[in-house]
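The values are calculated or read from the model by the stated rules, or taken from the named source; none is laboratory data. Quantities reported herein were computed from a predicted structural model and do not represent experimental measurements. Neighbour counts run over all protein chains shown; Cβ positions are idealised from the backbone, glycine included. Accessible surface is based on the protein model in full, side chains and every heavy atom, while ligands, DNA and RNA are left aside. Shrake-Rupley method; radii C 1.70, N 1.55, O 1.52, S 1.80 Å.
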Amino acid sequence: MDVPWRMQNRIMNYPWGSRIAIARLLGFPEPSSAPQAELWMGDHPRAPSRVHMKGAWISLTEAIEHAPASILGPYVAKRFKNRLPFLFKVLAAEKPLSIQAHPDAQQARQGFERENALGIPLDAPHRNFRDDNPKPELLVALSPFWAMCGFRRIPEILNLGNRFAPAGLEKQLRDLQGRPDPSGLRDFFRYLMTFEDSRRKAVIQEAVSAALRADQADPVSRWISILSREYPDDIGVLSPVFLNLLQLEPGDGIFLSAGILHAYLEGVGVEVMANSLMEILEFREYIPDVSRPLPAGACEVRYETPAEEFSLSRIEVSPDAPCRFHDRNSVEILLCLDGAGSILHP
């Protein structure tokens, strides 16, 4: 790769997106005509970026196919079979997303092959596996950012369940108290996900009524109330009872390995993931670990994760303090979040 390439990236329009955040970042008119949820940067088959090379715009996928070792670097090209191993996004959530969990490598490959064999189109709404990549991910907040991630400690679930749905969940809470272990947590979650319509609605109504009576400064009450407005008949309204609620400040990060149930609720962040379902969930108590970057040079800080597919850094420069890098032998995507800058290539 001789010089850095400019990129054109696809904006994904989902109902939960913002009409301001991504438009403002890109310098486009705001508010946008439709909610803009995600800006995708990479070669995902659903929305590959385009790069400007030799006077023309071409698909990043096509560019990599033409010269994989030159673009990706020899090691990455060999290790990941001539594919960009990550997808980089700006995520702007004005409304809560539904809860999800990502598969590990084997689950992703098997699920992708199974849905291909069934002839399910890649863009079908009911498709679960849109590629065969595992999905560990790192999200770093650009604004105050609310998320849910991982099952709470079982004593917390019992306490909150008895606060918000003591009648509707009486048996499930009693069973979980008798088996406060991963198998008990699995059964508790399965019961919630398979309630018949009338009972599901009754439990939701009980929890919402309790939340509205409670102090809305309490995050659990507040988010039950908000989720009930967005998803009134979805048992996910009870998610704040059994999932950890987390508020990230700008610059805070959260790494989610495969199998961790999570949902992004509100805020703007950058997300990088490797290129949802009952059988892939990890039924264990989970304590979210907020990550903060560590120095990686005079002008760079880096978010450390166990993922081999990606890393994420923040670089700060000024006219008086340029940033110099040597021996960068792998593919990188640079996103300017504030101000302007120049890239000089020897």
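Per residue of the stretch 306-318, in order, report the coupling 6.51 cos²θ - 1.76 cosθ + 1.60 (Karplus, θ = phi - 60°) as ³J(HN,Hα) in whole Hz, putting x for Gly and Pro.
Per residue, the Karplus-derived 3J(HN,Hα) values read x, 6, 8, 7, 7, 9, 10, 10, 10, 10, 10, 10, 8 Hz.
So for Leu344, Leu265, what's the accessible-area order with a 1.4 Å probe, most first?
From most exposed to least exposed: Leu344, Leu265.
Out of all Cα-Cα pairs in the stretch 236-291, roughly what percent, to the nearest whole number, are more than 16 Å apart?
Of all Cα-Cα pairs in the stretch 236-291, 51 percent lie more than 16 Å apart.
Using a Förster distance of 25 angstrom, determine the FRET efficiency expected from the C-beta separation of Glu62 and Ser311, and round it to 0.05.
Working: r = 26 Å, r/R0 = 1.03.
That pair, Glu62 with Ser311, gives E of 0.45.
Going by amide H atoms built from the backbone, whose H comes under 5 Å of the H on Leu243, apart from near neighbours?
Amide H neighbours of Leu243: Arg152.
Kindly point out, ordered by number, any Cys in the chain whose beta-carbon has no other cysteine beta-carbon under 4.7 Å away.
Cys149, Cys336, each lacking another Cys Cβ under 4.7 Å.
Helix-derived [θ] at 222 nm for the chain: sum -39500 (n - 2.57) over DSSP H runs of at least 4, divide by residue count, nearest 500?
Value at 222 nm, helices only: -8500 deg cm²/dmol.
Residues of the stretch 214-246 with the amide nitrogen closer than 19 Å to a label point 7 Å from the Cα of Ser198, along Cα-to-Cβ, please.
Under cut-off, by backbone N: 233-235.
Using only the Cα atoms, work out Rg/Rh for the chain, with Rh taken as the Kirkwood radius, to two decimals.
1.00
What full-extension length gain, to one decimal in nm, is calculated for Asp181 and Asp234 as 0.36 nm per residue of separation minus the Cα-Cα distance?
16.5 nm
For Arg19, what residues show an amide H to amide H distance below 5 Å, using hydrogens built from the backbone and excluding near sequence neighbours?
The list, which skips near neighbours in sequence, is Gln36.
By DSSP, what percent of the beta bridges with both residues in the stretch 217-346 are antiparallel, rounded to the nearest 5?
100 percent
Can you give me the long-range amide H partners of Arg284? Hydrogens built in the peptide plane at 1.01 Å from N, cutoff under 5 Å, separation of 5 or more residues or another chain.
It is Phe151, by chain and number.
Which whole-Hz couplings ³J(HN,Hα) result when phi for each residue of the stretch 8-24 is put into the Karplus expression 6.51 cos²θ - 1.76 cosθ + 1.60, θ = phi - 60°, listed in order with x for Gly and Pro?
Taking θ as phi minus 60°, the curve returns 10, 10, 7, 8, 9, 9, 10, x, 7, x, 9, 8, 10, 4, 6, 4, 5 Hz for the stretch 8-24.
Once R0 is set to 30 Å, what does the formula 1/(1 + (r/R0)^6) return for the Cβ-Cβ distance between Leu335 and Leu118, expressed as a FRET efficiency to the nearest 0.05?
The computed FRET efficiency comes out at 0.25.
For the stretch 281-294, take each phi angle, set θ = phi - 60°, evaluate the Karplus expression 6.51 cos²θ - 1.76 cosθ + 1.60, and give the result in whole Hz per residue in order, putting x for glycine and proline.
Once θ is set to phi - 60°, the couplings for the stretch 281-294 become 6, 9, 8, 8, 5, 9, 10, x, 10, 6, 9, 10, x, 10 Hz.
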